[in-house]
Structure formats: structure tokens, C-alpha cells
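Step one of this worksheet: look at the structure below.
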Amino acid sequence: MTGNSKNKMSALIVDDDKVVRRVHGKLLTQLGFETNAVENGQEAVDLFTSGECYDFVFMDMEMPIMDGTEATQKLREMGVKSTIVGVTSCNVEAKKQAFMEAGLYACLEKPLTRDAISSLLEQVTKK
Amino acid sequence: GYLDEQFIQLEDLQDEANPNFVEEVVKLFYTDSARLLRKIDLALDDRPFDFEKLDDVMHQFMGSSSSIGAKRVQRKCTEFQEYSKDGNFEGCTRTFQEVKHEYATLKKKLENYFQLAKVAR
């Protein structure tokens, strides 16, 4: 984990929906993360290209400009080792499969819950 | 009920740092919803009809609705999506009126809720 000087884990929320960014941002902050949020996959890629890095990336699947699948692929091609977690309410298995294969650690249902994040952290810290 | 456990999660997120978090998020939802519902209204007037575009905008609206736990609105959105996947224009138009009705009812109930919450403080 890269973290920061205060040893908090860092999370980037990537979602085109303002409400989702606000709710997920607050949830992750309360769970002890330092958070940042962007509106689409291209902005996420640009952040990493500029040298920023995050322990976790919570990536929405369907976004304009660059979707989650493409952004995840690009980040992995760049050598990004962050734990990228897909977040989606889509129920089309083929799309979710392609999303996972792009390089996700896991795919969670939207909206995120405390339990889902706690469970995720437990799994990640075991590895 | 009109709201599911997600609304309770929103209330749990309210704290000293953000004492009006729920109201803030709900207001954000209203602004975003107005824009998306308008987009769907316009898309329903488009000729030739674009089911894919409709489905896409409705999916966005559903995402917002699920973030505040608006379960009845979500259910109607799912019905709408079934019609749009089948290419059923009449079904879409009819269900969209029902989506707007559920949204308006929820908005009224939330306004009452926040008024009562202010009085109770």
C-alpha cells in the first residue's frame, strides 16, 4: 500500500454521477480513506499519467468519454498496481466479464455499502 | 415504502463534519434528476426513435436513484428498461409517466421528511 504521510489509504472514485461520487466519497472518508473523485476514465488515466497514485480505484463501468473497461485496461498497460475495483449496477454478464478481464481485482454492486468495503479490505489485506 | 436500506446508510453517513449530508445529497439528486428526466422527455420526442439512447439515460437516472435508496422509482425504471430493450415505444412512454409520478411522490415525501426533521431538532 502506498498510503500517504498520515498512513491513510487513498482511494480514487471514478464515476460520471455526481450523487454517486458524493455518497461514495463520504462513505470512504468515514471508513478512513483519503479520497479524490473524477468524472470519467480519461480523467482517471490522466491523474495516474501525471504521477498521482492511489491504493484503491473505485471504477464505474459505464461513463462517457472513456468507460471503466477501457480505463482499467489502460491503467494496467501503464503498469498501475492499484487495487482497481469495478462498481456497477449493470446486470449484463458479458459486459461485467469484459470489465473483470480488463484488470479488476473485484467487481462490486452499486451503491457501495460499508459491509462490501469492509469485506473487500479484509480480502485485500490477506493477499 | 418509498425508500430502502440505502437511505438509512445515507443517514449513517451524516456526522458533525456534514450535519446536513442527507439533505445535501437529496438536493443533488433533484438537480441531476431534473436534467436526466428532461433528456428522456426529449428523447421520447425524437424521430427516428433511439432506444439505445433512452436506455442509456434511464440507466444513469437509475444509478442516481439507487444511491439515495429510491426503490419504487428504481422499480419503475427497470420496467421502462424492459420495454426499451424490447423496442416497445408505447410501453416506454406509458412507463415513463409512471417513473415521473413516482419521482414526484418521492420528492413530496422527502420534503415533508426534511421539514419534520428540522422541527424535531
Exercise for the section: Sort out which residues of region B:1-45 are open to solvent by 30 Å² or more (accessible area, probe 1.4 Å), facing chain A (nearest Cβ under 9 Å) and assigned to a helix (DSSP H, G or I), and write them in order of number. Expected result: B:Glu5, B:Asp12, B:Glu24, B:Leu28, B:Thr31
Completion exercise
Checking A:Val23, A:Val19 in turn, the sole residue that is open to solvent by less than 10 Å² (accessible area, probe 1.4 Å), within 14 Å of chain B (Cβ to nearest Cβ), in a helix (DSSP H, G or I) and without any contact (Cβ under 8 Å) to a residue 40 or more places away in the chain turns out to be A:Val19
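Could you tell me whether region A:50-57 includes any residue that is β-branched (Val, Ile, Thr) and free of Cβ contacts under 8 Å to residues at least 40 places away in the same chain? Walk me through how you get there before you give the answer.
Keep residues of region A:50-57 that are β-branched (Val, Ile, Thr), which gives A:57.
Then keep just the ones that are free of Cβ contacts under 8 Å to residues at least 40 places away in the same chain; that gives none.
No, region A:50-57 contains no residue that is β-branched (Val, Ile, Thr) and free of Cβ contacts under 8 Å to residues at least 40 places away in the same chain.
Quickly run through region A:76-127 and pick out the residues that are of a type in the set (Lys, Arg) and open to solvent by 80 Å² or more (accessible area, probe 1.4 Å).
Initial filter on region A:76-127 (of a type in the set (Lys, Arg)): A:76, A:81, A:95-96, A:110, A:114, A:126-127.
The answer is A:Lys81, A:Lys95, A:Lys126, A:Lys127.
Could you identify the single residue in B:Thr93, B:Thr31, B:Thr78 that is within 11 Å of the chain's Cα centre (by Cα) and β-branched (Val, Ile, Thr)? It would help to see each step written out before you state the result.
Values: B:Thr93 fails: within 11 Å of the chain's Cα centre (by Cα); B:Thr78 fails: within 11 Å of the chain's Cα centre (by Cα).
After applying the criteria, what remains is B:Thr31.
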Exercise for the section: Quick one: count up the residues across region A:83-107 that are assigned to a strand (DSSP E or B) and of a type in the set (S, T, N, Q). Expected result: 2
Practice task
Tell me, please, whether a residue that is open to solvent by 30 Å² or more (accessible area, probe 1.4 Å), away from chain B (no Cβ under 13 Å) and assigned to a loop (DSSP other than H, G, I, E, B) can be found in region A:65-75.
Solution key: yes
Fill in the blank from the handout: Out of (1) open to solvent by less than 40 Å² (accessible area, probe 1.4 Å); (2) of a type outside the set (A, V, I, L, M); (3) without any contact (Cβ under 8 Å) to a residue 60 or more places away in the chain; (4) under 22 Å from A:Thr88 (Cα atoms), the one B:Ser67 does not meet is (3)
Completion exercise
Filtering region A:26-48 down to residues that are in a helix (DSSP H, G or I), open to solvent by 10 Å² or more (accessible area, probe 1.4 Å) and either within 14 Å of chain B (Cβ to nearest Cβ) or of a type in the set (Gly, Ala, Ser) (or both) yields A:Lys26, A:Thr29, A:Gln30
Exercise for the section: Hey, can you tell me all the residues within region A:108-117 that are of a type in the set (Lys, Arg) and either assigned to a strand (DSSP E or B) or closer than 21 Å to B:Cys77 by Cα (or both)? Expected result: A:Lys110
Fill in the blank from the handout: A:Lys81: passes all of (1) more than 14 Å from every other protein chain (Cβ to nearest Cβ); (2) touching a residue at least 24 places away in the same chain (Cβ under 8 Å); (3) within 13 Å of the chain's Cα centre (by Cα) but (2)
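The values are calculated or read from the model by the stated rules, or taken from the named source; none is laboratory data. Note that the structure is a prediction, hence the values are computed from the model and not measured. Every residue, glycine as well, gets a Cβ built from its backbone with ideal geometry; the counts of neighbours run over all protein chains shown. Keep in mind that these areas ignore ligands, DNA and RNA; they rest on the heavy atoms of the full protein, side chains included. Shrake-Rupley method; radii C 1.70, N 1.55, O 1.52, S 1.80 Å.
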